[in-house]
Amino acid sequence: MFANLLRGCRQRVGWRPMAQRYFCLNLVYKDDYVERLRKSFNAEERGSKLLLPTFKKAMLYPDDLAIRDNVGEYTYFQLYMAAKRLSIQISNICGSGASLPVGLFCANDAMWIVMLWSCWMSGQVAVPLRTSPSLEMLRLQAIDCKAKLFLGTPENASIVDELAQTLKAATIVLDHDFVPPVKEISSTSMYAQQLVVSGESGVLMPEAMLPNDFYENSIAMLLYKSTSTSNESHSPKPVLLSHRNVDAQIHCLINTWRLGPSDTLLPVLPMVHMHIAIGAVLDVGGNVVLEPGCNASSIWNSLLGVNLSSKKRCTCFLAKPIVYKQLIAEYQKMFLKDEHMVEYIKKHCSEKMRLMATGFALLPDSVFNYWRDITGHHILEYYGTLETGFVLGHTIEEGPKELPKLVPQKGVPKPTARFVSSNYKPRTLGSPLQGVTARLMGPTGEEIFKCQSHVAGPVKTGPLSEASSIPVRNFDPAKAAVLGGLEISYRRLSVEELPAGMEVEEIFIPTGDICAYYNDNFHFISKACDVITVGGLQVNASEVKKVLLSHPKINDVAILAIPDSVWGNRICVVCIISPDVQIELETIETYCQERLPPFKCPHVVKLLVVN
């Protein structure tokens with residue numbers, strides 16, 4: 001009877017079923033799958049304490065934007081399906097779960113994520129290799145890791161083929177066309193085909209994936225430091241990261257930066273330094289903007305969200321100090337004379353950006369101060385290594401999502417939604433991040449100070465723990481009472497999350513850096529190998545380098561010790577400048593003399609022009 005009634009309605013008013021109704025039901029059905037999968041993941045992560053790789057969590061945000069690069073925009077499900085397809089090819093060559101090294105050659109774009117995820121899906125060890133070193137260094141690194149397979153993009157095909165012939169390894173070359181279009185994989189049926197119900201419990205899990213138990217004790221990545229030498233007498237020194245290491249570093253950064261699905265990260269770093277930051281953002285459903293190079297104009301466009309909707313605009317920015325320096329030069333060239341742009345940039349960055357950070361290099365005071373003036377943001381400094389990721393820094397405190405509605409008053413500045421930690425101190429490295437313990441070692445190898453992260457604040461122990469809080473006028477980190485070699489230990493769970501009565505053995509990793517601790521903050525002094533003795537006095541090369549880097553025309557600096565029969569050593573500096581820069585050696589010498597004591601000033605100054 002109801003069917004006859006509908007038929008009559010169609011005949012009288014020309015009613016037709018709307019195709020959009022099926023589309024809506026389709027979305028709801030996919031959401032049901034996602035919710036069931038989320039409950040399964042929560043049970044494994046929180047209940048069973050099992051490790052859950054980021055690529056599996058991509059299934060929780062199938063239709064959300066994950067990566068935006070110079071080619072286009074890609075959803076989580078697009079990257080997941082491309083990685084899964086590539087992982088099958090990798091398994092056919094290496095074997096599933098074989099934990100064999102696979103070399104990756106790729107620029108900073110979406111294909112890097114596809115390659116990384118596919119290696120992990122197949123159960124292999126990802127070995128990112130950069131094309132910037134010499135071919136000889138790449139060859140030594142490839143031989144050292146004994147790569148079974150090389151993955152690359154067309155622009156790196158010649159290098160991939162040459163290394164593959166040397167090692168008799170297989171190759172796979174792919175580009176962005178390897179990623180399936182959204183319209184081909186957007187249906188609920190396609191999503192459902194990637195899931196399987198495991199056991200009688202009805203737990204929903206991704207189909208054709210290695211069990212989470214596999215990742216508990218497996219190696220995830222093998223990284224080579226940029227300082228690895230190509231000298232035949234010194235073999236490359238790789239850094240091994242297990243999946244548990246990667247997971248701990250990712251969760252540490254999620255809690256430190258209070259990351260969420262509304263965050264958009266713009267990282268301008270080599271991939272070996274930003275893979276953890278990218279993993280942290282993708283782990284919580286945010287999205288990442290990847291720049292192919294260090295083009296200051298393009299980076300400013302991304303920071304300001306030019307031609308982008310408000311949901312896609314950047315909220316977090318991570319770059320090396322040299323990038324901030326280049327952005328400042330671009331600002332002075334393009335925006336400084338335009339009052340409206342100067343006002344807009346400061347307003348946009350103050351209100352829309354909630355984090356601007358740097359790491360892996362020294363931040364000159366001049367860069368810090370100028371950036372604060374033009375954007376209203378402090379550049380938060382973080383300390384980390386390839387082995388540990390970021391371990392020292394400043395935790396971001398939750399702030400208001402919307403500006404409070406106040407009655408406008410003349411002369412009262414408009415409040416901004418800032419997320420800077422209330423105890424932030426400029427030009428410091430902060431305290432240990434979640435799950436991290438840092439300690440300083442004396443010259444004879446004894447522990448003189450230890451600091452452990454805790455919800456209530458850092459817990460300090462050791463013979464000199466009380467000296468770290470004594471007020472000092474005109475504090476000089478290099479003359480601090482608490483100063484020594486820095487060692488780092490970190491765990492997946494913080495102290496307050498450990499079960500009652502449970503103790504975890506701490507294994508400390510020497511960093512090779514000398515640091516000081518004062519007033520709840522670590523201060524970087526120098527690398528242990530960079531201390532130069534001049535006339536019986538010790539000079540920290542990092543101090544000289546920081547002064548030279550503050551010069552607007554100098555991009556980078558190398559400090560060398562030249563043996564001298566009278567003084568023991570003389571300081572030589574090699575300043576790297578751009579081809580379009582003109583600067584006299586006398587200018588550099590005068591610049592140092594105005595800012596350094598005589599015994600710390602360089603005796604020899606050289607210029608090196610680098611594109």
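Side notes on the structure shown:
- Residue satisfying all of: in segment 449-472; modelled with pLDDT under 70 and surrounded by 14 or more Cβ atoms within 10 Å (Cβ to Cβ); farthest from E506 (Cα to Cα) among these: A467
- Of the residues making up segment 543-561, those that are open to solvent by less than 50 Å² (accessible area, probe 1.4 Å) and within 15 Å of T587 (Cα to Cα) are V547, L548, L549, S550, H551, I554.
- Subset of segment 171-194 (residues that are open to solvent by less than 40 Å² (accessible area, probe 1.4 Å) and touching a strand residue (DSSP E or B) at 6+ places or on another chain (Cβ under 7 Å)): I172, V179, Q194
- Residues of segment 316-325 satisfying the condition of being outside any strand (DSSP E or B), over 17 Å from D373 (Cβ atoms) and without any contact (Cβ under 8 Å) to a residue 60 or more places away in the chain: K320, V323
- Pick from segment 562-581, criterion over 26 Å from E330 (Cα atoms), open to solvent by 40 Å² or more (accessible area, probe 1.4 Å) and hydrophobic (A, V, I, L, M, F, W, C), ranking: nearest to the chain's Cα centre (by Cα): I562
- Inside segment 266-276, residues that are at pLDDT 90 or above, farther than 21 Å from K352 by Cβ and in contact with a strand residue (DSSP E or B) (Cβ under 6 Å, 6 or more places away or on another chain) make up a count of 1.
- Qualifying residue in segment 32-44 (condition: small (G, A, S), at pLDDT below 95 and touching a strand residue (DSSP E or B) at 6+ places or on another chain (Cβ under 9 Å)): yes
- Test: residue in segment 531-541 that is in contact with a strand residue (DSSP E or B) (Cβ under 6 Å, 6 or more places away or on another chain), in a strand (DSSP E or B), open to solvent by 20 Å² or more (accessible area, probe 1.4 Å) and under 30 Å from S453 (Cα atoms): yes
- Just one of the listed residues (E589, E584, E594) is open to solvent by 50 Å² or more (accessible area, probe 1.4 Å) and touching a strand residue (DSSP E or B) at 6+ places or on another chain (Cβ under 7 Å), namely E589.
- Pick from segment 299-332, criterion farther than 28 Å from T256 by Cα and surrounded by fewer than 19 Cβ atoms within 10 Å (Cβ to Cβ), ranking: farthest from the chain's Cα centre (by Cα): Q332
- Pairs linking a residue in segment 42-69 that is of a type in the set (V, I, T) to a residue that is assigned to a loop (DSSP other than H, G, I, E, B), with Cβ atoms under 9 Å and 6 or more positions apart or on different chains, are I67/D109; I67/L290.
Yes/no per residue for (1) loosely packed, with under 12 Cβ neighbours inside 10 Å; (2) under 29 Å from F368 (Cα atoms); (3) at pLDDT 85 or above; (4) touching a strand residue (DSSP E or B) at 6+ places or on another chain (Cβ under 8 Å):
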{"residue": "K401", "(1), (2), (3), (4)": "yes, yes, no, no"}
{"residue": "A417", "(1), (2), (3), (4)": "no, yes, no, no"}
{"residue": "R427", "(1), (2), (3), (4)": "no, yes, no, yes"}
{"residue": "V436", "(1), (2), (3), (4)": "no, yes, yes, yes"}
{"residue": "E447", "(1), (2), (3), (4)": "no, no, yes, yes"}
{"residue": "D476", "(1), (2), (3), (4)": "yes, yes, no, no"}
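- Scanning segment 342-394 for residues that are touching a Phe, Trp or Tyr at 6+ places or on another chain (Cβ under 7 Å), open to solvent by 40 Å² or more (accessible area, probe 1.4 Å) and outside any helix (DSSP H, G or I) turns up just one, H378.
- The listed residue being in a loop (DSSP other than H, G, I, E, B) and farther than 25 Å from G442 by Cβ, out of V557, V547, V566, V573: V566
- The residue of segment 602-611 that is nearest to the chain's Cα centre (by Cα), among those that are without any contact (Cβ under 8 Å) to a residue 40 or more places away in the chain and open to solvent by less than 70 Å² (accessible area, probe 1.4 Å), is L607.
- Residue check for L282: part of a strand (DSSP E or B), open to solvent by less than 30 Å² (accessible area, probe 1.4 Å) and among the hydrophobic types (A, V, I, L, M, F, W, C): no
- Condition check for F335: hydrophobic (A, V, I, L, M, F, W, C) and open to solvent by less than 10 Å² (accessible area, probe 1.4 Å): no
The values are calculated or read from the model by the stated rules, or taken from the named source; none is laboratory data. Owing to the predicted nature of the structure, the values given are computational and were not obtained by experimental measurement. Backbone-built Cβ (ideal geometry, glycine too); neighbour counts: all protein chains shown. In case anyone asks, the SASA skips ligands and DNA or RNA and just uses the protein heavy atoms, side chains included. Shrake-Rupley method; radii C 1.70, N 1.55, O 1.52, S 1.80 Å.
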